[in-house]
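To keep things clear, I will list the structure first and then write my remarks on it.
The values are calculated or read from the model by the stated rules, or taken from the named source; none is laboratory data. Everything numeric here is computed off the predicted structure, so don't read it as measured data. Here Cβ is always computed from backbone atoms with ideal geometry, including for glycine, and neighbour counts include all displayed protein chains.
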Amino acid sequence: MSKKKVAESVLALLQRQQPHNSKFTSTDGTLLEAVVPSVQSVRKQSKQKVQESQAEVIVATDVVPIEVQNQPLPVVANAPLKTEVAKQQEWQKAPTLDILYSHIHTCMNCSLGATRLRFVFGVGSPNAKLLVIGEAPGEEEDKQGEPFVGRAGQLLTKMLEAINFTREEIYIANILKCRPPKNRRPTSEEVVECEPYLWKQIELLQPVVILALGLTAAETLFKEKLTMKDVRGKERTYKNIPTIITYHPAALLRNPEWKKPAWEDIQLVMRTYNSLIEKTNPEWKKTIKQ
Ligand code: SF4
């Protein structure tokens, strides 16, 4: 059908619908021809946008079958279903760690959900001022549903006890909540899916200091290639929180010679924590255990 004929038939439709609208009184279709391209562009936008323009709603409703009916509606790749969005919003709004857990402990957002034995949310005090972050659950953590158990976890507990922190007063979490098979490094897809849960935990905890364990955890948090030599022994900032990076306790079990620098890092954690807590709660300050 010629452009002129399309315009004429559309004009006739509009005149029938709005006989008193002077915009549609042209008989040669000139005005309408000017309208048709805008209809097409509106049609390419969302349905909601169409509804925002009264004139174009009329045109879109009636004209589309003639000129644009074969054009598919725009599809947003991987657009989440409405229910998924609602679910995400629920966990994002969680006011406590317990409620956050209740929303996410059945998560299947990545393939690790299908292979995990237990979901490893995190453990410790909801009032913790020190947050310890590891990479992902290992075999023992997967079995027990708790981070940093087993030999590496026992070593971490000892290191923290040496500066008078108990496991009960700190909080320990991993970037991934489910175990990667054979303890492989987390993939970027898994991190994209799971890291927001950690961000929410940080938001709820509001720790004054973070201790990141291992290079993989550090690189995942900071989104950059790092070397332990360059990052340990220093204070960095993650989400505006002073963060100290040191060796993963499992690496210390394999490389006892790294225990000395790791101990220096733990003391740096203590000093950083003390300097921040001193003004508000000086009685919470820590000392090296005698
Ligand atoms: S690793 Fe994280 S994103 Fe993947 S299934 Fe487990 S909780 Fe969900």
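Some values worked out for this structure:
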quantity	calculated
Tabulated pairs, the stretch 192-221, first within 15 Å of the ligand (Cβ to nearest atom), second of a type in the set (Asp, Glu), C-beta under 8 angstrom, 6+ apart or interchain	THR216/GLU135; ALA217/GLU135; THR220/GLU135; THR220/GLU195
Test: LYS143 is among the charged types (D, E, K, R), without any contact (Cβ under 8 Å) to a residue 60 or more places away in the chain, closer than 23 Å to LYS259 by Cα and in a helix (DSSP H, G or I)	no
Residue match in the stretch 141-156 (condition: assigned by TED's automatic domain parsing to the domain that holds THR243, β-branched (Val, Ile, Thr), within 16 Å of the ligand (Cβ to nearest atom) and closer than 19 Å to PRO180 by Cα)	no
Pairs, first on the phi < 0 side of the Ramachandran plot in the stretch 89-110, second part of a helix (DSSP H, G or I) and within 8 Å of the ligand (Cβ to nearest atom), C-beta under 6 Å, six or more apart	TRP91/ILE104; ILE104/TYR197; CYS107/GLY113; ASN109/GLU193; CYS110/GLU190; CYS110/GLU193
Cβ pairs under 7 Å, 6+ apart, first in the stretch 119-130 and in the same structural domain as GLU146 (by TED's automatic domain parsing) and over 17 Å from ILE175 (Cβ atoms), second assigned to a loop (DSSP other than H, G, I, E, B) and modelled with pLDDT under 95	none
Strands (runs of 3 or more DSSP E) completely within the stretch 180-252 that count 3 or more residues being farther than 24 Å from GLU139 by Cα	235-238, 241-246
